[in-house]
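Down below is the structure, laid out as structure tokens.
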Amino acid sequence: MDDLFEVIFTSDSSGQLCSTCVWNPITGNVLHYYKGGGSATPKTVGLIRSDYMVAADSQKPLLHIWPLNSQEQVSHMRFVMPNKVNVLAISPDGNYCLAAISEHIYIWQISTGNLLAMISRHYQDINCLKFVDSGSHFISGGEDGMLIIWSLENVVSVKNGISQRDAGKTDPICVFTDHSLPITDIYIGHGGIHCRFVSVSLDRTCKIYDFATQTLLLSVVFDVKLTAVTMNSLETTIFTGDEAGNIYEFCMLNPPRTAEYYVNKESKNVIYKEHTKKVNCLSVSLDNQTLLSGSDDEQVLLWHIPSKSVIRTIPHKGCVTNAFFSIATKNLFVEEFHPSIVLQTFKRNFVEAGQGKEDGNVIQILNVDKDYITDLNSECFKTICDDTNNQFTKEECLQQEVDKLKKLNKELYQFALNNIVEQHVLLTTDANVLTPGKFVRKRKLVNNKQK
């Protein structure tokens, strides 16, 4: 598998054979099965960095997490949600998990399992939830037709005088209300806060926004209800799917001069016609040669973009709910691997996470890097936990170590302060009659005292 650069993750509504499959896009063969998770909810299959695969159960309020190289879920852990998950998003660095439940967004820290915040600004169920590629912001879209940009730092940060429970009551960066009907899908381009993102809706429009300026650049109006959207890696072409099973290609190299552009049967836009039912998923390979589409007709199709023809059909047992290209990481093909991510059981509320009090004594680790996560399994950390006779959790061990460091820091500060004061007193005694010889003797006295 050394020559395999990309793989395909798919899931269907039946969940008969497995919850999620990994396919070879070149041969169409199955590389991995992930079992025991039932059928996955649409837009909930994702990767936690390059170590784990996660999916939300469509029938139960559960998250299922598998190591990438294993068919079985992680052992001794059960990720119970407050309710069934509508849509799921994992931050690019693998530190945070976002779950949309009804009109609320819950945010967990994966390495500790703590519930960091619960935000609510939508008035109806949330259908879309995605991070920008830098992980600093995320965008949500819902049944109410609203697109909302959130800052992750503002949402999860605990400031002085504000409890963890109230930390999520922050205002979003921007709210767009250009859609008049439910938003069905969004795509976020590259570039962090300088990216462009696209949304489609049942109001038959595809809207293109600039993230940095928070402005609507173009509205493309179709004569059908749109259900899925994606772009190629160069962001020169937009692909949209509709309820009838058609896929439209819209080129951005020659943008219209008006703020609205109408696409109808008389337009010369390319249409991919092979699906017979609603298109749920769209994804483009990194080489921009292959378009992947998943539909309610129980098929995943691979299209050759230059020739607009189907090159492979992958049948499923039910409606395709998730389908996308992903990098073929080495952890997919190894027998044993040591993950760089620490998993902890998710707390379902703030009280269970130890964050019910408003005393501000909450350990909050933002932008957790790989070194910190790896250190949780280091010999130093194991020694700390062993010293406590395994009576405390990892978080409690860390809290004790922080308290010790604070105490040592205070003692060092007091010692340094006392020495500075003593030196100042010695050097300033009889300052008006201090000769060079006396200064040397005073200096030697100070040095001897320090020794």
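Read the figures in this text as sums done on the coordinates, not as results from a lab. Small disclaimer: the values here were computed from a predicted structure and weren't measured. For neighbour counting, all protein chains shown are included, and Cβ atoms are generated from backbone atoms with ideal geometry for every residue, glycine included.
Observations on the model:
- Amide H to amide H distances under 5 Å link MET53 with ILE48, TRP66, LEU68, where only residues 5 or more positions off or on other chains count and H is placed in the peptide plane.
- For ILE311, the residues 5 or more places off, or on other chains, whose built amide H falls under 5 Å of its own are LEU302, TRP303, HIS304.
- Environment charge at PRO172 (Cβ cut-off 15 Å; Lys +1, Arg +1, Asp -1, Glu -1): -1
- Convex hull volume of the Cα atoms of region 56-188, normalised per residue: 126 Å³.
- The packing ranking of peptides 114-123, 283-292, highest mean first, is 114-123, 283-292, where packing means the average number of other beta carbon atoms within 10 angstrom of each residue.
- Ranked by the mean number of other Cβ atoms within 10 Å per residue, highest first, peptides 330-343, 251-264 order as 330-343, 251-264.
- The packing ranking of peptides 204-213, 66-75, highest mean first, is 204-213, 66-75, where packing means the average number of other beta carbon atoms within 10 angstrom of each residue.
- For region 33-116: Kirkwood Rh in Å [reciprocal of mean 1/r, alpha carbons]: 12.8
- With N as its number of residues, region 6-332 has a Cα radius of gyration that, divided by 2.2 N^0.38 Å, comes to 0.96.
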